[in-house]
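Notes follow once the structure below has been shown.
The values are calculated or read from the model by the stated rules, or taken from the named source; none is laboratory data. Bear in mind the structure is a predicted one, so any value in this text is a computation, not a measurement. Note: ideal-geometry Cβ built from the backbone for every residue, glycine included; neighbour counts use all protein chains shown. Surface areas here come from the heavy atoms of the whole protein model, side chains and all, with no ligands, DNA or RNA. Shrake-Rupley method; radii C 1.70, N 1.55, O 1.52, S 1.80 Å.
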Amino acid sequence: MMLQRCLDLLAPALERPGAVVVDCTLGLGGHSEALLTRFPEARLVALDRDKEALRLSGERLASFGERATLVHAVYDELPEVLQRLRIPRAQGVLFDLGVSSMQLDEADRGFAYAQDAPLDMRMDQTTGISAAEVLNTYPAGELVRILRAYGEEKQAKRIVSAIVREREKEPFSNSARLVELIRDALPQAAKRTGGNPAKRTFQALRIEVNGELSVLERAIPAAVKALDVGGRIAVLSYHSLEDRLVKQVFAAGAASTAPPGLPVVPERYQPRLKLLTRGAELPTEEEVAENRRAAPARLRGAERIREDAE
């Protein structure tokens, strides 16, 4: 199990009494429950921007009492959350960047392309603009950019010209109409590859609506900074763009910043991180057979080995 590997990666940092572990992506609380069970001495701080997820996982984790603190926050707010809780440093941080199955399966949230639902896709439904507003108001060029960058959709232009033509007749409100439009817009050959043809467009809209990549760009460096020396971070990503971001932050932390040619590298230029995975670890064939959603998962881990240079 990928979760098992995350726990094993974090274990050396969390087996000390009083260790604090932050689950940056609480969801339904499965990972948090596993962390609290495996590390009985640890205290958990868990973040989610989705109020419904917080309510449900609160019920699930109630039996752990004061060991679990659940906070309504986006994960780039991690430093402020720790400061508010008067926690100077964390010993472990976990990110699971997959959208929670609850959000995918809940019809009225509009994440899923498999069933008809309002095109919303906001993880925090109290704020921000919906997927329908993005589709109905963004200029064509911007939509093409989003589909290409976030959905890696090769047919972005074709899909967007169909969207622009259709939204002039009637604004988009539901997912089924968008799925049908994408099916009609794609050439035959493109429909035969890689599952539902709408998948890439829906992924791109979700990332745009929730600002996921810009949040992640701030969150990973902030999480590394929040780690104690000897503390560890594990990140599960499901998208090549996310994995690339994580890889860059970890690689920069694990590199020496010394100018080339120094005979001895002073302390302040030494790497701050030690990589715990060789490249990204992938799920096993058994895991993918058990859960199709695990197929694109990539796991990377790192350990904080020194303070930042002042």
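When region 28-51 is limited to residues that are open to solvent by 30 Å² or more (accessible area, probe 1.4 Å) and in contact (Cβ under 8 Å) with a residue 40 or more places away in the chain, the one that is nearest to Gly18 (Cα to Cα) turns out to be His31.
Each row is one residue, and each column tells you yes or no for (1) assigned to a helix (DSSP H, G or I); (2) out of contact with any helix residue (DSSP H, G or I) (no Cβ under 9 Å at 6 or more places or on another chain); (3) farther than 17 Å from Phe95 by Cα.
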residue: Ile233; (1), (2), (3): no, no, no
residue: Asp243; (1), (2), (3): yes, yes, no
residue: Pro271; (1), (2), (3): no, no, yes
residue: Glu286; (1), (2), (3): yes, yes, yes
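Does any residue of region 255-267 turn out to be surrounded by 13 or more Cβ atoms within 10 Å (Cβ to Cβ) and in a helix (DSSP H, G or I)? Checked region 255-267: no residue is surrounded by 13 or more Cβ atoms within 10 Å (Cβ to Cβ) and in a helix (DSSP H, G or I).
For region 29-70, the candidate set comprises residues that are part of a strand (DSSP E or B) and small (Gly, Ala, Ser); within that set, the residue that is nearest to Gln83 (Cα to Cα) is Ala46.
Looking at region 141-211, the helices (runs of 4 or more DSSP H) lying wholly inside it that each contain 1 or more residues that are more than 23 Å from the chain's Cα centre (by Cα) and in contact (Cβ under 8 Å) with a residue 12 or more places away in the chain sit at 156-169, 175-185, 188-191. Within region 52-74, residues that are open to solvent by less than 60 Å² (accessible area, probe 1.4 Å) sit with their Cβ atoms under 6 Å from residues that are β-branched (Val, Ile, Thr), at 6+ positions apart or across chains, in these pairs: Thr69/Val45; Val71/Val81; Ala73/Val81; Val74/Val215.
In region 246-254 there is at least one residue matching the filter, namely being assigned to a helix (DSSP H, G or I) and within 26 Å of Met121 (Cα to Cα).
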